[in-house]
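Notes to accompany the following structure.
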Amino acid sequence: MVVVGGGLIGLCAAYALMREGHRVTIIERDHLGAGAATGNAGELTPQQVAPLASPHTARDVLAGVFSSSSYLSIAPLRLPQLAGFGMGFLLSSTHRRRAHATRALAQFSAAIFPALDRMTDDGIDTSGGGSGYLMTCTDERELVAAHTRYHARASERWGEAPGAILRGEDLRSFEPTLAPGIEAGFLLPAERYLDPVTFVASLARRITQQGADVRTGLTATRLAAGASVVCRDEAGRESTISGDRVIVAAGAWTSPLLRRSGIRATRIVSGKGYSYTVPVERMPRHLVHSIDRHCVVIPMNDRLRVVGMMEFDERPDAFHPARLQVLTKAAGGLIAGADWDRRTEEWVGARPMTADGMPVLGSPAGRPEILVAAGHNMHGLSLGPVTGELLAALIGGRSPQVAGSPLDLGPFALDR
């Protein structure tokens, strides 16, 4: 089996395939574990696996073009290239289409924790985190609406019900590190988080130790006839790597590869996220997620990670320090006692975004030897282990199932 992409989804695919006895070759242009996973919030969140597109975020798109202080930033030079994606995003932002995508993604929810637990039982390191998300919002109506929404999801067996809304001193007693001005919030008790750096490194180490043929420094340039991948090394030399099947898990770089190979598929674009760590006087007891500030702070071992932003620009790997200032302004109003001038581990990563918020899972028409698994948006860590098991089942000739229930792959088709 040839896996194109050594990021989180590619590693999860390789791990699941090797568990079933397949020999695996991984093609990666950088190093194993590169990509959007290691700098993210480490969230494992059945309750929040939902598309970004919504009536609210559709309004934020305009602000992202004209304001440098918005959490959602769109470089004006990218507007022509993003026109098709943007139109798809706006069409997907209606209540009806968002509900359709949310129901499709909900199929995975019951399998997120069991898939990760199987990895933990197998010795993959999933430490460095905890459980429970404290959801906050300074807009009372928006907070109550979110609380109602999570209750509705729990009633459909999509995670556990949220705790009661806490206000004033009750909230301060529950989470003393909140900044002044944060006056209401509620707990999602069952959601988990982990240290993604530790997790991805452990997964990469296991795959390497078990004999995967890891080819780093190679860029996949196109998919050739059969299960073959044409690659170019850093010196410009071309080579071809072949196998029984090819799994394309190239994240934000998937669409250019498919296009060069003559394969039509839903477009995947880079929506960059930023993160860094800071020292704090007192560590929060839980992951704290601000609904209106669009940022998350996460206690990871002995450090506090700050995560946020959604940036669309011309280069998926370009780091723009000004975006960290926007993130710091948002997070500074969320947590007290952090030394915001002592940022370390500054990071940018290209999230693979689709307009409708759903990943691309399946084979191109007439190319059953190719399986594409990409476009997991902001949910790669939650959906990665499940995706790996799903790919192994499909390659093994088994009907796709999630947590014992049949999985409808129709909404995730390549050419939807």
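What the table shows:
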{"read-out": "Odd one out for ALA146, checked against (1) in contact (Cβ under 8 Å) with a residue 24 or more places away in the chain; (2) part of a loop (DSSP other than H, G, I, E, B); (3) over 30 Å from GLY388 (Cβ atoms)", "value": "(2)"}
{"read-out": "Residue check for SER382: assigned by TED's automatic domain parsing to the domain that holds LEU203 and either of a type in the set (D, E, K, R) or in a loop (DSSP other than H, G, I, E, B) (or both)", "value": "no"}
{"read-out": "Given (1) at negative phi; (2) in contact with a Lys or Arg (Cβ under 9 Å, 6 or more places away or on another chain), index of the condition GLY211 fails", "value": "(1)"}
{"read-out": "So GLY388, is it assigned by TED's automatic domain parsing to the domain that holds PRO256 and buried (at least 24 other Cβ atoms within 10 Å of the Cβ)", "value": "yes"}
{"read-out": "Single condition ILE207 does not satisfy, out of (1) buried (at least 19 other Cβ atoms within 10 Å of the Cβ); (2) touching an Asp or Glu at 6+ places or on another chain (Cβ under 6 Å)", "value": "(2)"}
{"read-out": "Top-ranked residue in the range 221-230 [being farther than 17 Å from ALA14 by Cα and either of a type in the set (A, V, I, L, M, F, W, C) or within 27 Å of the chain's Cα centre (by Cα) (or both); ranked as surrounded by the fewest Cβ atoms within 10 Å (Cβ to Cβ)]", "value": "ALA225"}
{"read-out": "Single condition SER255 does not satisfy, out of (1) buried (at least 22 other Cβ atoms within 10 Å of the Cβ); (2) closer than 27 Å to LEU194 by Cβ; (3) among the small types (Gly, Ala, Ser)", "value": "(2)"}
{"read-out": "Selection from the range 390-416 of residues that are part of a helix (DSSP H, G or I) and under 27 Å from ALA53 (Cα atoms)", "value": "LEU390, LEU391, GLY410, PRO411, PHE412"}
{"read-out": "Leading residue by the ranking (farthest from ASP195 (Cα to Cα)) among those in the range 278-327 that are of a type in the set (A, V, I, L, M, F, W, C) and either part of a loop (DSSP other than H, G, I, E, B) or in contact with a Cys (Cβ under 7 Å, 6 or more places away or on another chain) (or both)", "value": "ALA318"}
{"read-out": "Residue ranges of strands (runs of 3 or more DSSP E) in the range 1-116 with at least 2 members at pLDDT below 90 and over 30 Å from GLY397 (Cα atoms)", "value": "72-74"}
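Here is a yes/no grid of residues against (1) free of Cβ contacts under 8 Å to residues at least 40 places away in the same chain; (2) over 27 Å from HIS56 (Cβ atoms):
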residue: LEU91; (1), (2): no, no
residue: GLN107; (1), (2): no, no
residue: ASP117; (1), (2): yes, yes
residue: ASP121; (1), (2): yes, yes
residue: ASP125; (1), (2): no, yes
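Condition check ((1) touching a Ser or Thr at 6+ places or on another chain (Cβ under 9 Å); (2) surrounded by fewer than 19 Cβ atoms within 10 Å (Cβ to Cβ); (3) assigned by TED's automatic domain parsing to the domain that holds PHE174) across all residues:
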{"position": "GLY33", "(1), (2), (3)": "no, no, no"}
{"position": "THR38", "(1), (2), (3)": "no, no, no"}
{"position": "ALA41", "(1), (2), (3)": "yes, no, no"}
{"position": "PRO46", "(1), (2), (3)": "yes, no, no"}
{"position": "MET87", "(1), (2), (3)": "no, yes, no"}
{"position": "ARG98", "(1), (2), (3)": "yes, no, no"}
{"position": "LEU105", "(1), (2), (3)": "no, no, no"}
{"position": "MET119", "(1), (2), (3)": "yes, no, no"}
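The values are calculated or read from the model by the stated rules, or taken from the named source; none is laboratory data. These numbers come from a predicted model, not from an experiment. Every residue, glycine among them, receives a Cβ derived from its backbone with ideal geometry; neighbour counts consider all protein chains shown.
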